[in-house]
Amino acid sequence: MIKDSINLEEVSDILAVSNTPAYLFSRLRALSSVQQAAIKFDPRDLIAEFQRIDGLEKPSAQEIALGYALLAAVSTSAAPIVRDFAQVPTSRNFEWGDEIKRRILSIQRNDAASVVDLSKKNIKIASVPEVSFSGTIVAG
Amino acid sequence: MCLILTQSEARLSEIRMDTSAGNPISNSQPKEIPGADRMNFDRLDQQFSSAVVRCEPSASFNCHGLTFGSRRARIWKSEDIKQILKDDGYFEVTQDAALPGDIILYFDPAENDFTHSGVVVEAAISEPGQLYRYPKVVSKWGCYKELIHFANNSPYSMVGVKYYRVRR
């Protein structure tokens, strides 16, 4: 079970005192149980669990906390499905869901643009971003 | 601080809030944050038992809503906080010079985010020969309580803390 691998007490305490989505997102991403869940579970399963909670009529406080933790866990994956997921608005269950999804998209864009092997003079771009690049890369 | 606050008829979840220069401040005024009314605050109560409780948990305003919005809404965009500081004429004061009525801002440079804010209610004690004491502030911690606490006794990092005063 995904929810059993995430320390929901820690997540709930962070959620309770969060004044901004940036604080919530960065603190949750730093939690070891969230990082472990990101490694242990396929992003598809994490997304499916989030979508289940997102569709609930009246989720519990624990389910809301779990939902935010799932967003943080999913954000560490570079899988294309995560980018697609982050582009879909969340329901009213998550006040900062859309803002956090914007941050996930931003991370994905940054990762795609910065994965460059500089140890070799023949520079390879490991993943190709969808955005266009008009600058010049100079190999040292 | 000079904010104009009027109830918007168009969007009940947001009130009109402008800086003194007329720039709009985005905010939310939720009747309910899903799950917030059923949160368990026992661990926070224990961890910060030395803080004085001024108000019980509420989701209707956050720290920036207390500091800049008269406890009427939740403000969370850092660009809006920057706009308020600029338009309302806040200027920085040192920690030891901060007086009751000045404000404290906790800033996370890595995230470019104002993670927390509050209002100073008691100045620091920094006299020679005495144990240093941080200023006391009143602040709202997310959906949790409004508390009176030492500036360095909260879940928020002190690394980017600054104090500001507004003179009008």
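Just give me the residues in segment B:139-148 being crowded, with 20+ Cβ neighbours inside 10 Å and touching a strand residue (DSSP E or B) at 6+ places or on another chain (Cβ under 8 Å), in sequence order.
Taking segment B:139-148 and keeping what is crowded, with 20+ Cβ neighbours inside 10 Å, we get B:139-147.
Residues satisfying the conditions are B:Ser139, B:Lys140, B:Trp141, B:Lys145, B:Glu146, B:Leu147.
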Among the residues of segment B:114-132, write down those that are farther than 12 Å from B:His64 by Cα and modelled with pLDDT of 95 or more.
B:Val120, B:Val121, B:Glu122, B:Ala123, B:Ala124
What number of residues within segment A:7-36 satisfy the criterion of being outside any helix (DSSP H, G or I) and crowded, with 23+ Cβ neighbours inside 10 Å?
3
Looking at (1) at pLDDT 95 or above; (2) under 20 Å from B:Lys77 (Cβ atoms); (3) not aliphatic (A, V, I, L, M), which one does B:Glu146 not meet, given that it meets all the others?
(2)
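A quick yes/no check of all residues on (1) in contact (Cβ under 8 Å) with a residue 40 or more places away in the chain; (2) within 14 Å of chain B (Cβ to nearest Cβ); (3) in contact with a helix residue (DSSP H, G or I) (Cβ under 6 Å, 6 or more places away or on another chain); (4) acidic (Asp, Glu):
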{"position": "A:Ile2", "(1), (2), (3), (4)": "yes, no, yes, no"}
{"position": "A:Asn19", "(1), (2), (3), (4)": "no, yes, yes, no"}
{"position": "A:Val34", "(1), (2), (3), (4)": "no, no, yes, no"}
{"position": "A:Asp45", "(1), (2), (3), (4)": "yes, no, no, yes"}
{"position": "A:Gly55", "(1), (2), (3), (4)": "no, yes, no, no"}
{"position": "A:Ile64", "(1), (2), (3), (4)": "yes, yes, no, no"}
{"position": "A:Pro80", "(1), (2), (3), (4)": "no, no, no, no"}
{"position": "A:Val88", "(1), (2), (3), (4)": "no, no, no, no"}
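Does B:Arg71 satisfy being surrounded by fewer than 18 Cβ atoms within 10 Å (Cβ to Cβ), touching a residue at least 12 places away in the same chain (Cβ under 8 Å) and within 14 Å of another protein chain (Cβ to nearest Cβ)?
Values: surrounded by fewer than 18 Cβ atoms within 10 Å (Cβ to Cβ): yes; touching a residue at least 12 places away in the same chain (Cβ under 8 Å): yes; within 14 Å of another protein chain (Cβ to nearest Cβ): yes.
Considered against the rule, which asks whether it is surrounded by fewer than 18 Cβ atoms within 10 Å (Cβ to Cβ), touching a residue at least 12 places away in the same chain (Cβ under 8 Å) and within 14 Å of another protein chain (Cβ to nearest Cβ), B:Arg71 comes out as yes.
From the list B:Ser117, B:Ser60, exactly one residue is touching a Cys at 6+ places or on another chain (Cβ under 7 Å), crowded, with 16+ Cβ neighbours inside 10 Å and among the hydroxyl-bearing types (Ser, Thr, Tyr). Which is it? Full working, then the answer.
On the way: B:Ser60 fails: touching a Cys at 6+ places or on another chain (Cβ under 7 Å).
Matching residue, one of B:Ser117, B:Ser60: B:Ser117.
Looking only at segment A:71-104, count every residue that is among the hydrophobic types (A, V, I, L, M, F, W, C) and more than 11 Å from the chain's Cα centre (by Cα) and tell me the total.
Taking segment A:71-104 first, the residues among the hydrophobic types (A, V, I, L, M, F, W, C) are A:71-74, A:78-79, A:81-82, A:85-86, A:88, A:94, A:96, A:100, A:104.
Those still in the list that are more than 11 Å from the chain's Cα centre (by Cα) too: A:81, A:88, A:94, A:96.
Total meeting the criteria: 4.
Would you tally the residues in segment B:89-102 being in contact with a Ser or Thr (Cβ under 9 Å, 6 or more places away or on another chain) and under 15 Å from B:Arg168 (Cα atoms)? Break it down stepwise before answering.
At the first step, the residues of segment B:89-102 found to be in contact with a Ser or Thr (Cβ under 9 Å, 6 or more places away or on another chain) are B:89, B:95-96.
Among the residues that remain, those that are also under 15 Å from B:Arg168 (Cα atoms) are: B:89.
Count: 1.
What strands (runs of 3 or more DSSP E) completely inside segment B:1-90 contain at least 2 residues that are modelled with pLDDT under 80? It would help to see each step written out before you state the result.
Values: elements: B:4-6, B:16-18, B:52-55.
Because the criterion is at least 2 residues that are modelled with pLDDT under 80, the strands (runs of 3 or more DSSP E) in segment B:1-90 that meet it are B:4-6.
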Single unsatisfied condition, A:Ile39 versus (1) surrounded by fewer than 18 Cβ atoms within 10 Å (Cβ to Cβ); (2) within 11 Å of chain B (Cβ to nearest Cβ):
(2)
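The values are calculated or read from the model by the stated rules, or taken from the named source; none is laboratory data. Remember, it's a predicted structure, so these values are computed and weren't measured experimentally. Here the Cβ is made from the backbone with ideal geometry for all residues, glycine too, and neighbour counts use every protein chain on show.
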